[in-house]
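One structure is given below, encoded as structure tokens.
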Amino acid sequence: MRIGVLTGGGDCPGLNAVIRAVVRTAANHYDSEVLGFRDGWRGLLEDRTTPLDIAAVDGLLTRGGTTLGSARVAPQLLDAGVAQMKGVLAEHGVDVLIPIGGEGTLTAAHLLSQAGVPVVGIPKTIDNDIDETDLTFGFDTAVSIATEMIDRLHTTAESHQRVLLVEVMGRHAGWIALHAGLASGAHLTLVPEEPFDIEQVCRLVTERFARGDSHVIGVVAEGATPLPGTMGLRDGGVDEYGHRRFTGVAQQLGAELERRTGKEVRTTVLGHVQRGGTPTSFDRVLATRFGLHATVAAHEGHHGQMVALRGTEIDLVPMEKAVARLKTVTPSRLAETAAFTG
Ligand code: F6P
């Protein structure tokens, strides 16, 4: 059998571990070949390939990023390119395609699957917002990095009796903010799922200082927004999937807080540091298990499926279900976090 593999969307720690697992499972258990497409769907559309054998994946387990390269490709381009992608796959004799990616990549994978291409999807994103899987690899690494950074901010905030706001990634889902906030003992966590009330945020800051607390740490997901009509945010336009974006939420909230409370506020935007570098051991294991199970599913003919973590086991779920909606933070998880803030 010949398996095609590509990594699409934003990179994340663990992608190389998956590629390694696919290649090693294909070669060692099935004597199959693996062909990589460069830069996600773009490489498939433009017929840019690289053969992947055991030697090519040597040393990849611990390396961040993706050796295949990645890209974000507009959905319209993919819609229009289905026939072309099918042609390239047929030309290379690819029997099953394993796309590794987030919402956009898996939606495109579903499209190809509906068009008759045998596909087994692997979910990845630091945001952890893919539905039907308990977790995606990359998330644990991102949370660990964010937690370490926030731990560091506590001591400097304390020394200066300041409010320190940390902006973490998460455009549509606040999982990173929620977990890093809980892990680092943040006093305030703002997520996209629940618009924040600027007056309530000011009250929290004022009350903490009034009772003698030394500092305030607030974790703000980049997709957090204020309650409508309470505070303006800079419009960041619309992303490739048609979702509205705002930019610099933590910085703008910080300026507003400083103005309203008279407290010194500093803002740190963690940005892409959350996506770079070595995956945690948890992510290496999850990525490896996903790669192994996807390759087995490809050989056993379970196409149109996505591998998913359910409890402690790796299952297969219909891709159609996985891409139907994003997995966002639930009210009960928000309530848990709220119990530990303030
Ligand atoms: O989806 C992963 C992610 O890191 C989001 O958290 C973030 O909003 C986005 O990608 C950033 O994308 P880019 O790297 O294209 O700026």
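Which residue out of Ile198, Ile126 is surrounded by fewer than 24 Cβ atoms within 10 Å (Cβ to Cβ) and in contact with a Ser or Thr (Cβ under 8 Å, 6 or more places away or on another chain)? Break it down stepwise before answering.
Details: Ile126 fails: surrounded by fewer than 24 Cβ atoms within 10 Å (Cβ to Cβ).
The conditions single out Ile198.
Inside the stretch 174-211, can you point out the residues that are within 14 Å of the ligand (Cβ to nearest atom), in a helix (DSSP H, G or I) and within 17 Å of Val269 (Cβ to Cβ)? Working first, answer last.
Applying the first criterion (within 14 Å of the ligand (Cβ to nearest atom)) to the stretch 174-211 yields 174-180, 191-192.
From the residues that got through so far, the ones that are in a helix (DSSP H, G or I) too are 175-180.
Once the filter is applied, which keeps residues that are within 14 Å of the ligand (Cβ to nearest atom), in a helix (DSSP H, G or I) and within 17 Å of Val269 (Cβ to Cβ), the stretch 174-211 yields Ile176, Ala177, Ala180.
For the stretch 254-286, a residue qualifies if it is touching a Pro at 6+ places or on another chain (Cβ under 8 Å) and away from the ligand (no atom under 16 Å from the Cβ), and the qualifying residues are Thr278, Thr280.
Would you please name the residue that is nearest to the ligand (Cβ to nearest atom), looking only at residues in the stretch 136-149 that are surrounded by 24 or more Cβ atoms within 10 Å (Cβ to Cβ) and among the β-branched types (Val, Ile, Thr)? Spell out how you get there, then give the answer.
At the first step, the residues of the stretch 136-149 found to be surrounded by 24 or more Cβ atoms within 10 Å (Cβ to Cβ) are 136-139, 141-143, 146.
Still in the running and among the β-branched types (Val, Ile, Thr): 136, 141, 143.
Details: Thr136: 10, Thr141: 12, Val143: 12 Å.
My answer is Thr136.
From the list Val265, Val329, Val269, the one residue that fits, being more than 29 Å from Thr67 (Cβ to Cβ) and assigned by the TED database to the domain that holds Arg171, is Val265.
Scanning the stretch 157-173 for residues that are β-branched (Val, Ile, Thr) and within 16 Å of the ligand (Cβ to nearest atom) returns Val166, Val168. Would you confirm whether or not the stretch 73-88 contains a residue that is closer than 27 Å to Ala308 by Cβ and touching a Lys or Arg at 6+ places or on another chain (Cβ under 8 Å)? Yes, the stretch 73-88 contains a residue that is closer than 27 Å to Ala308 by Cβ and touching a Lys or Arg at 6+ places or on another chain (Cβ under 8 Å). From the list Arg42, Arg24, Arg48, the one residue that fits, being charged (D, E, K, R), within 16 Å of the ligand (Cβ to nearest atom), under 25 Å from Glu91 (Cα atoms) and surrounded by fewer than 24 Cβ atoms within 10 Å (Cβ to Cβ), is Arg42. From the list His110, His154, the one residue that fits, being at pLDDT 95 or above and either within 16 Å of the ligand (Cβ to nearest atom) or closer than 29 Å to Ala186 by Cα (or both), is His154.
Hey, any hits in the stretch 219-235 for a residue that's within 16 Å of the ligand (Cβ to nearest atom) and of a type in the set (S, T, N, Q)?
Quick first cut of the stretch 219-235, residues within 16 Å of the ligand (Cβ to nearest atom) only: 219-225, 233-235.
Cutting the leftovers down to of a type in the set (S, T, N, Q) gives us 225.
Scanning the stretch 219-235, I find at least one residue that is within 16 Å of the ligand (Cβ to nearest atom) and of a type in the set (S, T, N, Q), so the answer is yes.
When Ser281 is tested against the conditions (1) touching a residue at least 24 places away in the same chain (Cβ under 8 Å); (2) surrounded by fewer than 19 Cβ atoms within 10 Å (Cβ to Cβ); (3) polar (S, T, N, Q), the lone failure is (1). When each of Thr133, Thr105 is tested for being away from the ligand (no atom under 12 Å from the Cβ) and β-branched (Val, Ile, Thr), the lone residue that passes is Thr133. When restricted to residues that are within 17 Å of the chain's Cα centre (by Cα) and among the hydrophobic types (A, V, I, L, M, F, W, C), the stretch 325-342 contains 2.
The values are calculated or read from the model by the stated rules, or taken from the named source; none is laboratory data. Fair warning: this is a prediction, and the values are worked out from it, not measured in the lab. Using ideal geometry, Cβ is built from the backbone for each residue, glycine included, and neighbour counts are taken over all protein chains shown.
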